[in-house]
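Colleague: One structure follows; several queries about it will come next.
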Amino acid sequence: MNIFCRLLASLSVAAGIVAGAPAYAQVQPGVLRVSAIPDENPTELQRKFKPLGAYLEKKTGLKVQFTPVTDYAASVEGLVNHKLDMVWFGGFTFVQANERSKGKIVPLVQRAEDEKFQSVFITANPEIRTLQDLKGRTFSFGSESSTSGHLMPRSFLLAAKINPEADMKRIAFSGAHDATVAAVAGGKVDAGAVNASVWKKLVDEKKVDTGAVRVFYTTPGYYDYNWSVHADMPAALKKKITDAFLALDPSTPEGREILELQRASRFVPTHAGNYAAIEAAARNAKLLK
């Protein structure tokens, strides 16, 4: 075999090795690409993530790059197809990603608050006092793929024998929790369902007039948000990331700033089994395709 043929053979073997390598081997070296479901406006998501990103850079030795996505589906596809390395999912988006990837998405940590998360139903209409009062009214969910802004509120409505499509005058999807609050406050809809944590933040920051808009129903607790990665991520990196979150300490200035921005008292380990009830709710509501 002459030198040209040997070179071609070597290149063919190398190409075969690359083609057959795990998808994670093709990730941009030295960079951890992170995103989050767009349940709040992009500016707020970037603000919340900045100190956490700097902290993760120190703990992992990687450059952490936050990449906003246009919608919930893009966050799912990004992680499933290795275009993202770690994503802040809601419980429902985690279930969707895990289903889409045939069980290849791994939730690492969640906030302690996510072990018993809640949604609130809000209104500015004095005639609305209970879920039953929503019949014949206009109503807004958040994103169609939102756990706390759609799936679980819908689940509790169905349990109360209220079918949103059949029993309400009109339903809308605002796309984000703060947008739902704005729609209710602005009189575009009679009521809406939002993430209890976002509602509290808006109230604390005096961005909503509680004299006009009020909570009239709070759901029972359920598991919700988590930080998830692809199963192909090296075990050592998964451990570094997990350990970094678990080490966040509210008694230190850095830990306090990060935890406050993440609206967390602390982070705790989680696993896929915690989201079985959300998967069941999604299948019952015929929202899991």
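The values are calculated or read from the model by the stated rules, or taken from the named source; none is laboratory data. All values reported here derive from a predicted model rather than from experimental measurement. Note that we place each Cβ from the backbone using ideal geometry, even for glycine, and neighbour counts take in every protein chain shown.
Colleague: Being among the aliphatic types (A, V, I, L, M) and assigned to a helix (DSSP H, G or I) is the filter here; which residues of segment 218-261 pass it?
Modeller: Within segment 218-261, 235, 236, 237, 241, 244, 246, 258, 259, 261 qualify.
Colleague: Going through segment 122-136 one residue at a time, which ones are of a type in the set (Val, Ile, Thr) and under 27 Å from the mean Cα position of the chain (by Cα)?
Modeller: Of everything in segment 122-136, those that are of a type in the set (Val, Ile, Thr) and under 27 Å from the mean Cα position of the chain (by Cα) turn out to be 122, 123.
Colleague: Mind checking whether some residue in segment 88-98 is assigned to a loop (DSSP other than H, G, I, E, B), in the same structural domain as residue 246 (by TED's automatic domain parsing) and within 27 Å of residue 200 (Cα to Cα)?
Modeller: yes
Colleague: Let me ask you something else. Exactly one of (1) surrounded by fewer than 24 Cβ atoms within 10 Å (Cβ to Cβ); (2) assigned to a loop (DSSP other than H, G, I, E, B); (3) touching a residue at least 12 places away in the same chain (Cβ under 8 Å) is unmet by residue 132. Its number?
Modeller: (2)
Colleague: Still on this structure, I have one more. Among residues belonging to segment 36-77 that are under 13 Å from the mean Cα position of the chain (by Cα) and of a type in the set (Gly, Ala, Ser), point out the one that is surrounded by the most Cβ atoms within 10 Å (Cβ to Cβ).
Modeller: By that ranking, first place goes to 75.
Colleague: Also: Pick from segment 201-217 the residues that are without any contact (Cβ under 8 Å) to a residue 40 or more places away in the chain and among the basic types (Lys, Arg): which of them is farthest from residue 148 (Cα to Cα)?
Modeller: Filtering first and then ranking leaves 206.
Colleague: Let me ask you something else. Can you name every residue in segment 137-147 that is at pLDDT 95 or above and within 25 Å of the chain's Cα centre (by Cα)?
Modeller: The answer is 139, 140, 141, 142.
Colleague: Sticking with this one: Would you point out the residue of segment 99-129, among those that are of a type in the set (Asp, Glu) and in a helix (DSSP H, G or I), that is surrounded by the fewest Cβ atoms within 10 Å (Cβ to Cβ)?
Modeller: Across segment 99-129, the extreme among qualifying residues is 115.
Colleague: Return the total of residues in segment 267-284 being surrounded by fewer than 16 Cβ atoms within 10 Å (Cβ to Cβ) and either assigned to a loop (DSSP other than H, G, I, E, B) or among the hydroxyl-bearing types (Ser, Thr, Tyr) (or both).
Modeller: Number of matching residues: 1.
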